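To keep things clear, I will list the structure first and then write my remarks on it.
The values are calculated or read from the model by the stated rules, or taken from the named source; none is laboratory data. Keep in mind that what you see is a predicted model, and the values were worked out from it rather than measured. Every residue, glycine as well, gets a Cβ built from its backbone with ideal geometry; the counts of neighbours run over all protein chains shown. Just so you know, the surface numbers come from the protein's heavy atoms only, side chains and all, with ligands and any DNA or RNA stripped out. Shrake-Rupley method; radii C 1.70, N 1.55, O 1.52, S 1.80 Å.
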Amino acid sequence: MVAAQFLGRTAAFVLGEEMVLLISDKGDERRVTAHAGGILSAAGDGERLVTGGDDGKVTAITASGETATIATDDKHRWIDHVACGPDGAVAWSAGKFAFARTAKGETRSIEVTSTVGGLAFAPKGLRLAISHYNGVSLWFPNAQAAPEKLEWKGSHHEVAFSADGRFLVTAMQEPALHGWRMADAKHMRMTGYSARVRSFGWSASGKWLATSGSEQLVLWPFQSKDGPMGKTPTMYAAFAVRAVRVACHPKQEICAVGFADGTVLLVRLDDGAEVLAKKPGTAPVSALAWDATGMLLAWGTEDGEAGIIALG
């Protein structure tokens, strides 16, 4: 399972080869062919699922199963990363090149210093963060100016802005996160993990950054203007195996945590209270996603097992 997203009340499960499985809130299933080969990346904006494949295509899929090709790479390179932005904007990458397409259908491209490690749109305005070796490039696709560089030595992968746009965080190749305060590019170093952090996200209030990469849920405080600088993280849900996926509830201070043995726990961030949402299985959790109401939680595992948990 590559990823899971909700399109309204319909869960979209991105399978490794060609297909996306759509399951409505009534339990109706539909398989949609998205690519002629492996699906490498996926992102959603609540209305459509955008996927990138090893066939060089970027595809959009709606809850009804309609598909549309957004772009085809002229060199048929793999589409390693995709991102959804404001007003229907979409971004994708192939090798050292990043592309952005506006709601008007205009496409821009930029070459960065090394292979793109991740993409993320800022919450306001058409600004794209492109992570790569030795930092992040901040690019305005509609402007002619060169991108702003945020530098830190090492290989940067997943990247995300905080919901208020005040912070930017990347997952490093090493077991650490690195961040910048956008106002002055002040560095924020977050370490102490037992493995590379492959999943992270901000809580509904924006006060916490929930992360995988350890044998518990690790929460970094972002309540103040300095973020986690000089502070220690809060750790909940100590477990026998590593946390590999996290997904924060869209409305409440709750985080779903997926573990390497297939377990999924719901953790209340105020006090660490836990609820078992899924028992252990045969493979690590590889996908977690909430619907917009926070009443449905979709999960998937590396061996293709998937399900939807209805809460309340």
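Report, in debye and to the nearest 20, how large the dipole of the chain comes out about its Cα centre when Lys and Arg carry +1 and Asp and Glu carry -1 on their Cβ.
Result for the chain is approximately 760 debye, rounded to the nearest 20.
Hey, what's the stretch 177-312 come to in accessible area per residue, 1.4 Å probe, Å²?
Per residue, the stretch 177-312 has 42 Å² of solvent-accessible surface.
Trypsin sites (Lys or Arg not before Pro) within the stretch 214-244: which are DSSP loop residues with at most 11 other Cβ atoms inside 10 Å?
Passing sites in the stretch 214-244 are Lys225.
Using a probe of 1.4 angstrom, how much of the accessible area of the stretch 182-312 is carbon and sulfur, in percent?
Summing carbon and sulfur atoms, their accessible area is 52 percent of the total for the stretch 182-312.
Once you keep just the Cα pairs under 8 angstrom separated by 6 or more residues, what percentage relative contact order results for the stretch 1-48?
With pairs under 8 Å counted, the relative contact order is 37 percent.
Which of the aspartates and glutamates could be linked to Lys104 by a straight reach, that is with a Cα gap under 18 Å, when you skip same-chain ones fewer than 8 residues away?
Within reach: Asp45, Glu47, Asp87.
Tell me the carbon and sulfur percent of the accessible area for the stretch 36-141, rounded to whole percent, probe radius 1.4 Å.
Carbon plus sulfur share of accessible area: 48 percent.
By a straight-distance test (C-alpha under 28 Å), which lysines pair with Lys278 as possible cross-link partners, with residues fewer than eight away in the same chain excluded?
Candidates past the 8-residue exclusion: Lys26, Lys207, Lys251.
In debye, nearest 20, what is the charge dipole magnitude of the stretch 36-181 about its Cα centre with +1 on Lys and Arg Cβ and -1 on Asp and Glu Cβ, if you could check?
Computed charge dipole of the stretch 36-181: roughly 360 debye.
With an 8 Å Cα cut-off and a minimum separation of 6 or more residues, compute the relative contact order for the chain in percent.
Once divided by the residue count of the chain, the mean separation gives 10 percent.
Quick check: from the Cα gyration tensor, does the stretch 142-188 come out rounded (a/c under 1.5), prolate or oblate?
prolate
What is the magnitude of the charge dipole of the stretch 204-312 about its Cα centre, with +1 placed on the Cβ of each Lys and Arg, -1 on the Cβ of each Asp and Glu, and no other charges, expressed in debye to the nearest 20?
The calculation lands at about 260 debye.
Might you tell me the accessible area per residue for the stretch 1-84, computed with a 1.4 Å probe and given in Å²?
Heavy-atom SASA per residue in the stretch 1-84 reads 45 Å².
Can you tell me the relative contact order of the stretch 209-251? Whole percent, Cα pairs under 8 Å, sequence separation 6 or more.
46 percent
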